[in-house]
Structures are given as structure tokens and as C-alpha cells.
Amino acid sequence: MKSDLKAFMKNDPAAKSRLEIVLSYNTFHAILLHRFTHPLYKLGIPILPRFVSNINRFLTGVEIHPGAEIGESFFMDHGTATVIGETVKIGKNCTLFHNVTLGGTGKHSGKRHPTLGDNVYVGTGATILGPVKIGDNVMIGAETFIIMHDVPSNCTVVGVPAKIVKMNGKKINKKLLKTRQRQ
């Protein structure tokens, strides 16, 4: 939680103090409640984590399934209409803006949501669907749509359909490779 608070102070120029964040930032509240529900969910406690998660969505406008694994120093700016699915894994130092969906592609069980590496930035309105892997140090532009395609490390991805426009600091124009269905 301390690393999340530091991430808010570092990444939000409007933040005047830690106290302001703790008292008035809905996205910090969403992360805080998730940090409470996730361990309960992992322990197999059946109803309480989902109940608190639902209250979290009602109060903050952010839907985070208690099964989602979120690394330290996580920052969400605004957050309204953001959805983070049950089998999502998010690495360290990641940023999500509002209206982001990290979702599945159907009703199959098992790993069905994205995995984000470390230092990933996901812009407003981006949608990432399926059990895809997003590498480390990736920027995903606003309104980008990624479905069943992995994204390599050290790149910038934009558009519908998504394509790589920068990799290892060099401008390129490359289609994403389709991911294999993971079990």
C-alpha cells in the first residue's frame, strides 16, 4: 500500500499530499480495497471478497475482481469504468487510466485474462482481451484494442487493430503476433 501511495504522489501532478490521496482519490480507495480482498480470495473465503469487491465497484466506479494479482507501485488515474478480470496479473510500476478493460474473451475457465509485465502504461479506453502477455516497459495508447495478441517488451502499441509503432526506441510499423490459446 505504501508503494501505491508513492506511485500516486509520483505520477499525479494534481496530488498535493499523501493525506489528500488517502482521503479523496477513488482509485486509491479501489486499490486499497483490492489489497484487502485479494488475500481473502486466495485463502478461499467464498463470499466476503466478492461482496467487498462489489461495494468497491459501487463506491469507486472501478471493478477489480478479488482474484486479480496486482504488483506494487500500481497507479490508476481517474479509473472510472475500468475493469480488471479475475485471472489478470499486473506487474510492478504499472499505470492504468480510466475506461480500461483487462478482460476475457468468453466463458472458458482457467487463465483467460491478460498478464501485464513491469512498467506498463495503459492509456484511456484501451481494451486488452484474452490470456495475452504484455511485456515489460510497454506503452499502450488510448483507445487501443488488443485481442488474443501478445505484445513484446520495450515497445509502444497503438490503434485498432493494434500495431507496434516503436520498439527499443526506434519507430517501426509492425503487426502484433497472434497468441496461442493458453490452458
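Laboratory data are not the source of any read-out in this text; all were calculated from the coordinates shown. Since the structure is predicted, the reported quantities are computational estimates derived from the model, not experimental observations.
Going by Cα centres, region 87-112 and region 1-73 are how many Å apart?
With region 87-112 and region 1-73 each reduced to a Cα centre, they are spaced 15 Å.
Pick from Val83, Val151, Val160 the residue whose mean-square fluctuation is largest in a GNM of the chain, springs joining Cα atoms under 10 Å.
Val160
Just to be sure I understand: with springs between alpha-carbon atoms less than 10 Å apart, which residue in Phe58, Phe75, Phe28 has the highest mean-square fluctuation in the Gaussian network model of the chain?
Result for the chain, Cα springs under 10 Å: Phe58 fluctuates most.
Over the chain, what is the relative contact order in whole percent, taking alpha-carbon pairs under 8 Å and six or more residues apart?
Reported as a whole number, the value is 12 percent.
Using a cut-off of 28 Å between alpha-carbon atoms, which lysines can reach Lys6, once sequence neighbours fewer than 8 places away in the same chain are excluded?
Lys16, Lys42, Lys89, Lys92, Lys133
Specify the angular offset, from 0 to 90 degrees and rounded to the nearest 10, of the alpha carbon long axis of helix 2-11 from the longest principal axis of the alpha carbons in the chain.
60
Return the subset of Lys2/Lys175; Lys2/Lys178; Lys107/Lys166; Lys10/Lys166 for which the Cα-Cα distance in this structure is over 27 Å, preserving the input order.
Going by Cα-Cα distance, Lys2/Lys175; Lys2/Lys178; Lys107/Lys166 fall outside the 27 Å limit.
Say we join alpha carbon atoms closer than 10 Å with springs in a Gaussian network model of the chain; which of Arg18, Arg112, Arg50 then has the biggest fluctuation?
Arg18
Taking the structure as given and computing Rg and Dmax of the Cα atoms in Å, which label from (1) 16.0, 49; (2) 21.7, 75; (3) 16.2, 52 fits?
Derived directly from the coordinates: (1).
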